[in-house]
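In what follows, a structure is listed as structure tokens, so that the remarks can point back to it.
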Number of protein chains: 2
Amino acid sequence: MSMSLDGFIAGPNEGPGNGLGDGGHRLHEWFLTGADADHKAVSGRLGGINGQVVDEFMATGAVVAGRGTFEPAGGWGGDHHDGVPIFVLSRREPDSEIGKWPLVRYVSDVRTAMSEAKRAAGEKNVLVHGAGTAQLALDAGVLDELEIHLIPVLLGQGRRLFENLPADQIELERTRILEGEAGVTHLHYRVRR
Amino acid sequence: MSMSLDGFIAGPNEGPGNGLGDGGHRLHEWFLTGADADHKAVSGRLGGINGQVVDEFMATGAVVAGRGTFEPAGGWGGDHHDGVPIFVLSRREPDSEIGKWPLVRYVSDVRTAMSEAKRAAGEKNVLVHGAGTAQLALDAGVLDELEIHLIPVLLGQGRRLFENLPADQIELERTRILEGEAGVTHLHYRVRR
């Protein structure tokens, strides 16, 4: 997740047509610049440290995403990257064609989504997409690692990555710090259990 | 400021006798261990990268603190370090002896506090102490740099460093990242204006 130093992953006033909230695009500038439409356009050719990090998340073996991330993104055209399976966390069945695409499966609870995604990914990592899903996975004890792209900006207001978690202290192991281009710092932690 | 990865500088249920909130002491373990009572006890002898960072903030030429930080800390015995002046941000006059100590001055607005502290500090930096004061200084445009000691823990609940700021995007320049001991990462940014 790309997060501002003050903890936001989207600006205020999120909504249809303003998916990242006011000013939220600032958080994704480090890998989406100019004409690049999405993550697929930049994978493999960004270069540098930021490119290495993008290539890593594009080398994952499965994706778990909340419905609120998946559907506004148009389901990534049915393929997030390389034809890996996409598990969509949703309490309701899909109500449009998008949910019936071959790589997509709707799953109603985060434990099932994560365990099936891990099985599908085999030796590879699972990409967890969206703050709500990350929070649920963390709270359920099924999130193993955190990779945060810390953006050198304060948004002041918006949607936070870490919110609505119980007051349970969760210890982390710092596993890697990379100083990326454009002032972005990639923080990698393992969740201790 | 020492901040958990999820943005907290104190745990929940802060109050008299529980100044750092539940579990909040975890955030200060990196420099206060065992018998060390406060920052003065460790200065100059912690060593390593964490010691370097402590020594830096103990080499500042003035302190600006909120009354809510200063008074519960017992006014640091009248001397935060090295006899530098302490400017206490408060809308009210001091109502106890603590506010009348020689190094201490109560000031009612953050701009005055910061400009007088900068003048008193001369060539040295000013240490801004407390989240509320940092927020006010940031919002007033008189905070020049941010040094965050990022602690490898999630608290889930508590008091945030960044809260109640307006939705004004503030760009930062990343000036230094230090990987300290015990998984603490020291992030240094300059505020761009």
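Table for the structure above
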read-out	value
3J(HN,Hα) from dihedral phi, segment A:129-136, Karplus parametrisation 6.51/-1.76/1.60, rounded to Hz, x for glycine, proline	10, x, 5, x, 5, 4, 4, 5
Choice from A:Pro102, A:Pro16, A:Pro166 with maximal GNM fluctuation in chain A (Cα, 10 Å cutoff)	A:Pro166
Segment A:121-193, relative contact order in percent, only Cα pairs under 8 angstrom and at least six apart counted	35
Gaussian network model of chain B, Cα within-10 Å springs - most flexible of B:Gly44, B:Gly11, B:Gly132	B:Gly44
27 Å Cα-Cα reach of B:Lys124 towards lysines, excluding residues that sit fewer than 8 places from it in its own chain	B:Lys40, B:Lys100
Cβ-vector label at 7 Å, B:Gly77, separations to other copies in nm	6.7
Axis-nearest residue in chain A [Cβ, rotation onto B], distance in whole Å	A:Gly7, 2
Chain A, helix-only ellipticity at 222 nm - DSSP H runs n ≥ 4, -39,500 (n - 2.57), divided by all residues, nearest 500	-5500 deg cm²/dmol
Percentage relative contact order, chain A, counting C-alpha pairs under 8 Å, at least six apart	27
Selected from A:Gly77, A:Gly99, A:Ala117, residue furthest toward positive end of dipole (segment A:1-142; charges at beta carbon)	A:Ala117
Aspartates and glutamates with Cα under 14 Å of A:Lys118, excluding same-chain neighbours fewer than 8 positions away	A:Asp144, A:Glu145
Teacher prompt: B:Pro166 distances to equivalent labels in other copies, 7 Å Cα→Cβ, nm	4.0
Label 7 Å beyond Cα on the Cβ vector: B:Gly19 copy-to-copy distances, nm	4.8
HN-Hα J in Hz across segment A:20-29 - Karplus 6.51, -1.76, 1.60, θ = phi - 60°, x for Gly and Pro	9, x, 4, x, x, 4, 3, 6, 10, 4
FRET efficiency estimate (nearest 0.05) - Cβ-Cβ, A:Glu14 to B:Asp139, R0 22 angstrom	0.40
Sparsely packed GluC sites (Glu not before Pro) within segment B:29-116, loop by DSSP, other Cβ within 10 Å at most 16	B:Glu29
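Since every read-out is calculated from the coordinates, none of them should be taken as a lab result. The shown structure was predicted, so the numbers you read here are calculated from the model rather than taken from an experiment. Neighbour counts are summed over all protein chains in view; Cβ atoms, including those assigned to glycine, are modelled from backbone coordinates with ideal geometry.
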